[in-house]
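Everything on this sheet refers to the single structure shown next.
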Amino acid sequence: MEIKGSVQALNINAFKRYSPQARVNQPLIASNDLVTRLNCYEPGQVTPFHVHPNDDEVIFCVEGRGAITFDDRDDVPIEAGSLVSLPAGLPHGIAAASDSRLVVIYTTNAGYTSERPHPNAADAAIPLPGEAR
């Protein structure tokens, strides 16, 4: 069996960054097939409502509290230790609780795309990785 990549290791705590303007999103690990990124939120901050048309996503809550939000179903509350799997094509957002910082990591396919099904002027300045601009 041929090994096609390299071992990557890091400490997530060294990458935590916060901004009063918007959640901070940054890359952690990437391979030919997958990417893992880190989101850090101040209380009340969000990842705008979006969809990955062709890519599943797994979200792990490292610390804090918040929710994965949806249009057509109940929000899924998350807290440290929560693991959520989202199928491709399901519109969603992420919101930190109003009284808690939130840190999540997510993994999806390399080259994934993000689209905003309902563009919101208030969230327009918050970039989404994988979004064509």
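The values are calculated or read from the model by the stated rules, or taken from the named source; none is laboratory data. Keep in mind the model is a prediction, meaning the values are calculated, not measured. Every residue, glycine as well, gets a Cβ built from its backbone with ideal geometry; the counts of neighbours run over all protein chains shown. Heads up: the accessible areas ignore ligands, DNA and RNA and are worked out on the full protein's heavy atoms, side chains in. Shrake-Rupley method; radii C 1.70, N 1.55, O 1.52, S 1.80 Å.
Table for the structure above
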item	result
Carbon plus sulfur fraction of accessible area for the chain, probe 1.4 Å, in percent	53
DSSP bridge orientation in the chain - percent antiparallel, rounded to nearest 5	95
Percentage relative contact order, segment 1-44, counting C-alpha pairs under 8 Å, at least six apart	35
Relative contact order %, the chain, counting alpha carbon pairs below 8 Å whose residues are six or more apart	29
Globularity ratio of segment 11-92, using Cα Rg and 2.2 N^0.38 Å	1.11
Among 125-132, 65-72, 44-51, the order from most to least packed when residues are scored by Cβ within 10 Å on average	44-51, 65-72, 125-132
Å² per residue, accessible surface of the chain at 1.4 Å	57
Part-to-part distance (alpha-carbon centres) for segment 1-62 and segment 111-133, which is given in Å	16
